[in-house]
Amino acid sequence: MILHPTVIANLLAAYIAGGMVLYAVFYGVQILKHWDIQNGHELQLVLERRTYLISTLLSYVFGLQLLSLFLYIFTADNLTPLFVGAMCAAGTLNVDSFGYPTLVLKIFNFILAGLWLVLNYVDNQGYDYPLIKKKYLLLAFVAPVIIVETILESAYFLDMEADVITSCCGSLFSSERVTGLGSEIASLPARPMMWVFYSAMACTLLCGIFFYFNNLGGYLYALLSLLMFFISLVSIVSFISLYIYELPTHHCPFCIIMEEYNYIGYLLYILLFGAVVSGLGVGALIPFRQVESLQAMLSGFIRKLALASVILYAAFTTLVTYEIVTSSLVISYEVVY
Amino acid sequence: MQTKATHWLTLLILLFSMDFSYGGEPAVTIKKTDRCPVCGMFVYKYPKWVAQIIFKDGTSYFYDGAKDMFKHIFDTAKYTPGKSVEAIKDIYVTDYYEVELIDAKSAFYVLGSDVLGPMGHELLPFKDQESAQEFLEDHKGKSILRFQEVTPAIIESLDHRR
Amino acid sequence: MIELMNVKKVFNAGNPSEFSALNSVNLNIAGNKVTVLKGPSGSGKTTLLSIVGCMSRPSAGRVKLNGREITSLPERFLTDIRRKTFGFIFQQPNLIKGISVLDNVMLPAYPLGEKRSQLKMKAMKGLAELNIADKSASKVEWLSGGEAQRASIVRALINDPYIIIADEPTAHLDTKLSYRFMEIIEKFKSEGKTVIITSHDPLVYESSIVDHVVKLRDGQIEGKQA
């Protein structure tokens, strides 16, 4: 294991989050089993007090979880000088077999954590804990995934050896290598992919704006924003990265977070992840519009979420378009296949 | 004694008057934004490994090792659309011991050694056979190749070694 | 108006020093009436009063205010109700030293964000009704016992609550002032307010103004429960 401050920070954050989540889940199960707001038994009142503490704790834990995704990528980027062949986070993640699986789980948990925070916020606005069971059910689902992620992350960092030659992102995301998801995405033809990206984004934004004004099509928007999330990630590898690097063959999605590119990767990813969480939040909350204690605020809140999602996706698109327009790269039909 | 001293003196004078530059000064100012067109690495971080190709139209590219330079030569249009191998004017690599740019075509490349470059297994350039041989013995090198003997298959084998 | 169902309050539960302050209290407090909770010290009067006034939560049982269940409310909702519904008068005036009478009186209204000029007018009017308007700018340390008590009453009324809660209000007042206090209570009743008082002062619980006396002993209500 490499005793680097960033590694220690990651592991510490993961263990704290994992520990708190386990503690919360233990009580959450009690709440799921015994919660009955009508009766005045001692256990119920104890649970009412306890959920206040647990919800507050979990808000911070899941907030930490959101940050940990970016801390993880930052750490991988930071450790690249230690590994031969690595020049960015892509190489560092490849030094052992746990790096990329951990990343995938972290992305998944980012979205779940964000959704939980949205649910928690709305639950706190009702005077009778309207979403409490849904909230703890989601927690029960998220908790094991977080534990698995913590285990994988520990394995990744603890298994790390400095004398490993790792693959450079140039080969991981090259269109030549036949195997590997990275090169499959990288070899998607750039021009058609641009069309896919922009038309999908247009649909998504229109749907979101339509929902904002007419309160119809919320589920559709949630679905579209999830789809757009994946399309955007694929687009980053397929063509957006080319324009940022001004290199026709460099598809790496991690080099864009480097200082030399003005850390633009972080901004792009923050916008993208924020957009998908708020978009999915819309879909998650629509079923509760009829709940009495939330009548006053829920519809307005859902619309605000949709608007936030639309704005974030629009900002993402603007940034991408800016990079494409100001780039000195020109993708011509013959060369990039 | 007198003649021996004169001999040594002449030798010294000759030594110092010999011009060690080779057909045009290569542009050695590497900007912070220069990246290897093959892998995208920032070249300024690895000054000991710099390779350079200058095209007839004046444009030049830097690489983070001889391996990537060869990759560019073998598939020029892929990494720099519109350019071809025939348009290359000069090629330079950094001598591993002297740490200065030497002509790539006349260099000696050691393969299979235990010294790794930024891109992993590399071809280590030397300006003459003796230094290449010395390095090979010191660092468990397997073979010494001339510029013309390097093929795409050899480059690929370097990439696939772990 | 206020219903207590099976209310229990236990302090230090699980520890050797566990103490049960209230045991299964069932009580109905009627609106627009004066109710007195009477009992020796340690009988749970103050605990019961604080639960009724949303200042603490029971260990078991439910409390309903105007049909609305309040014990399960999350903190922010409970605070809101408490601020708007109840006015509290304590044994000691509990005025804050160092600031004027007027500032003390306006304090409970600050979180509600009313316009300061209007609030000041309300406060001055309240002070005038209890004849201490001339003391509005004085420091609280200069007030006599009765004046301080009256100031605390004005403070209790600043948010126009419809329930007044008073915990041993006459404990530090002489007879004359105690009678004056009861007259103020009568005024509240005539304004439609509900008053709940704890007291072991016969002057209070034997007063003709009082509608209902609840006897407490050892955390339970004696005799027939309302």
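The values are calculated or read from the model by the stated rules, or taken from the named source; none is laboratory data. Predicted model, so just to flag it, every value in this text is computed and none were measured. Virtual Cβ from ideal backbone geometry, glycine too; neighbours counted across all protein chains shown.
Name the single residue, out of those in segment A:18-44 being within 14 Å of chain C (Cβ to nearest Cβ) and of a type in the set (A, V, I, L, M), that is surrounded by the fewest Cβ atoms within 10 Å (Cβ to Cβ). So, considering only residues that are within 14 Å of chain C (Cβ to nearest Cβ) and of a type in the set (A, V, I, L, M), the one surrounded by the fewest Cβ atoms within 10 Å (Cβ to Cβ) is A:Leu43.
Yes/no matrix, rows are residues, columns are (1) touching a residue at least 12 places away in the same chain (Cβ under 8 Å); (2) within 14 Å of another protein chain (Cβ to nearest Cβ):
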| site | (1), (2) |
| --- | --- |
| C:Ala13 | yes, yes |
| C:Asn23 | yes, yes |
| C:Ala30 | yes, no |
| C:Gly39 | yes, no |
| C:Glu69 | no, yes |
| C:Arg82 | yes, yes |
| C:Ile89 | yes, no |
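Residue pairs whose Cβ atoms lie under 6 Å apart, sitting 6 or more positions apart in sequence or on different chains, and linking a residue in segment B:32-46 that is more than 7 Å from chain A (Cβ to nearest Cβ) to a partner that is in a helix (DSSP H, G or I) and acidic (Asp, Glu), are B:Cys36/B:Asp68. When every residue of segment C:48-57 is checked against the conditions, none turns out to be aliphatic (A, V, I, L, M), part of a strand (DSSP E or B) and buried (at least 22 other Cβ atoms within 10 Å of the Cβ). The single condition among (1) farther than 20 Å from C:Met106 by Cβ; (2) buried (at least 19 other Cβ atoms within 10 Å of the Cβ) that C:Tyr179 does not meet is (2).
Considering segment C:115-226, the qualifying helices (runs of 4 or more DSSP H), each wholly inside and each with 2 or more residues that are under 16 Å from the mean Cα position of the chain (by Cα), run over C:145-157, C:175-190, C:202-205.
Name the single residue that is surrounded by the most Cβ atoms within 10 Å (Cβ to Cβ) among those in segment C:118-134 being charged (D, E, K, R) and modelled with pLDDT of 90 or more. Once the filter is applied, the top-ranked residue is C:Lys122. Taking the criterion of being over 24 Å from A:Gly91 (Cβ atoms) and not in a helix (DSSP H, G or I), the residues of segment A:109-160 that qualify are A:Gly126, A:Tyr127, A:Asp128, A:Tyr129, A:Pro130, A:Leu131. For segment B:75-94, the set of residues classified as among the hydrophobic types (A, V, I, L, M, F, W, C) and more than 16 Å from the chain's Cα centre (by Cα) consists of B:Ala77, B:Val85, B:Ala87, listed by residue number.
Which of the residues spanning segment C:19-38 are more than 24 Å from A:Asn39 (Cα to Cα) and surrounded by fewer than 22 Cβ atoms within 10 Å (Cβ to Cβ)? Talk me through it step by step, then tell me what you get.
Taking segment C:19-38 as the starting set, the residues that turn out to be more than 24 Å from A:Asn39 (Cα to Cα) are C:31-38.
Residues satisfying the conditions are C:Gly31, C:Asn32, C:Lys33.
Condition first: within 16 Å of the chain's Cα centre (by Cα) and either part of a helix (DSSP H, G or I) or under 23 Å from B:Ala153 (Cα atoms) (or both). Now tell me which residues in segment B:39-60 satisfy that. Residues satisfying the conditions are B:Val43, B:Tyr44, B:Pro47, B:Lys48, B:Trp49, B:Val50, B:Ala51, B:Gln52, B:Ile53.
Here C:Val204, C:Val210, C:Val214 are screened, and the one residue that is in contact with a strand residue (DSSP E or B) (Cβ under 9 Å, 6 or more places away or on another chain), over 21 Å from C:Pro93 (Cα atoms) and crowded, with 22+ Cβ neighbours inside 10 Å is C:Val214.
All of (1) in contact with a strand residue (DSSP E or B) (Cβ under 9 Å, 6 or more places away or on another chain); (2) away from every other protein chain (no Cβ under 14 Å) hold for B:Val99 with one exception: (1).
I'd like to verify a number: residues in segment A:55-101 that are part of a loop (DSSP other than H, G, I, E, B), touching a helix residue (DSSP H, G or I) at 6+ places or on another chain (Cβ under 8 Å) and either within 14 Å of another protein chain (Cβ to nearest Cβ) or buried (at least 22 other Cβ atoms within 10 Å of the Cβ) (or both), how many? Let's see the steps before the verdict.
Step one: list which residues in segment A:55-101 are part of a loop (DSSP other than H, G, I, E, B), which gives A:79, A:83, A:85-88, A:94-98.
From what is left, the residues that are touching a helix residue (DSSP H, G or I) at 6+ places or on another chain (Cβ under 8 Å) are A:79, A:83, A:85-88, A:94, A:96, A:98.
Keeping just the survivors that are either within 14 Å of another protein chain (Cβ to nearest Cβ) or buried (at least 22 other Cβ atoms within 10 Å of the Cβ) (or both) gives A:79, A:83, A:85-88, A:94, A:96.
Adding up the residues that qualify gives 8.
For every residue, the table says whether it meets (1) within 15 Å of the chain's Cα centre (by Cα); (2) under 24 Å from B:Lys45 (Cα atoms); (3) surrounded by 13 or more Cβ atoms within 10 Å (Cβ to Cβ).
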position	(1), (2), (3)
B:Gly117	yes, yes, yes
B:Leu124	yes, yes, yes
B:Ala132	yes, no, yes
B:Leu136	no, no, yes
B:Gln148	yes, no, no
B:Pro152	no, no, no
B:Asp159	no, yes, yes
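For segment A:213-225, a residue qualifies if it is surrounded by fewer than 19 Cβ atoms within 10 Å (Cβ to Cβ), assigned to a helix (DSSP H, G or I) and in contact (Cβ under 8 Å) with a residue 24 or more places away in the chain, and the qualifying residues are A:Tyr219, A:Leu223.
May I ask you to verify whether A:Leu47 is within 14 Å of another protein chain (Cβ to nearest Cβ), part of a helix (DSSP H, G or I), in contact (Cβ under 8 Å) with a residue 12 or more places away in the chain and not hydroxyl-bearing (Ser, Thr, Tyr)?
Working: within 14 Å of another protein chain (Cβ to nearest Cβ): yes; part of a helix (DSSP H, G or I): yes; in contact (Cβ under 8 Å) with a residue 12 or more places away in the chain: yes; not hydroxyl-bearing (Ser, Thr, Tyr): yes.
So A:Leu47 passes the test.
Residue by residue, here is whether (1) away from chain B (no Cβ under 14 Å); (2) part of a helix (DSSP H, G or I); (3) in contact with a Phe, Trp or Tyr (Cβ under 6 Å, 6 or more places away or on another chain) holds:
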position	(1), (2), (3)
A:Leu227	yes, yes, no
A:Pro248	no, no, no
A:His251	no, no, yes
A:Ile270	yes, yes, no
A:Val276	yes, yes, yes
A:Leu285	yes, yes, no
A:Lys304	yes, yes, no
A:Thr318	yes, yes, no
A:Glu323	yes, yes, yes
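Mind telling me which of the residues B:Ala107, B:Ala87, B:Ala77, B:Ala66 ends up being crowded, with 17+ Cβ neighbours inside 10 Å, of a type in the set (Gly, Ala, Ser) and closer than 16 Å to B:Pro37 by Cβ?
Values: B:Ala107 fails: closer than 16 Å to B:Pro37 by Cβ; B:Ala87 fails: crowded, with 17+ Cβ neighbours inside 10 Å; B:Ala77 fails: crowded, with 17+ Cβ neighbours inside 10 Å.
Just a single option satisfies the conditions, and that option is B:Ala66.
What residue, of B:Pro26, B:Pro37, is surrounded by 16 or more Cβ atoms within 10 Å (Cβ to Cβ) and at pLDDT below 85?
Details: B:Pro37 fails: at pLDDT below 85.
Among B:Pro26, B:Pro37, only B:Pro26 is surrounded by 16 or more Cβ atoms within 10 Å (Cβ to Cβ) and at pLDDT below 85.
Matching residues to (1) of a type outside the set (Asp, Glu); (2) farther than 26 Å from A:Leu227 by Cα:
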{"position": "A:Asp96", "(1), (2)": "no, yes"}
{"position": "A:Lys106", "(1), (2)": "yes, no"}
{"position": "A:Asn124", "(1), (2)": "yes, yes"}
{"position": "A:Pro130", "(1), (2)": "yes, yes"}
{"position": "A:Ile151", "(1), (2)": "yes, yes"}
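Table: residues versus (1) buried (at least 17 other Cβ atoms within 10 Å of the Cβ); (2) modelled with pLDDT of 90 or more; (3) more than 14 Å from every other protein chain (Cβ to nearest Cβ).
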| position | (1), (2), (3) |
| --- | --- |
| A:Asp123 | yes, yes, no |
| A:Tyr136 | yes, yes, yes |
| A:Ser171 | yes, no, no |
| A:Ser175 | yes, no, no |
| A:Phe197 | yes, yes, yes |
| A:Thr204 | yes, yes, yes |
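Apart from one condition, A:Ile2 fits all of (1) modelled with pLDDT under 90; (2) within 20 Å of the chain's Cα centre (by Cα); the exception is (2). For C:Met5, the conditions (1) in contact with a Lys or Arg (Cβ under 6 Å, 6 or more places away or on another chain); (2) of a type in the set (A, V, I, L, M); (3) away from chain A (no Cβ under 13 Å) are fulfilled apart from (3).
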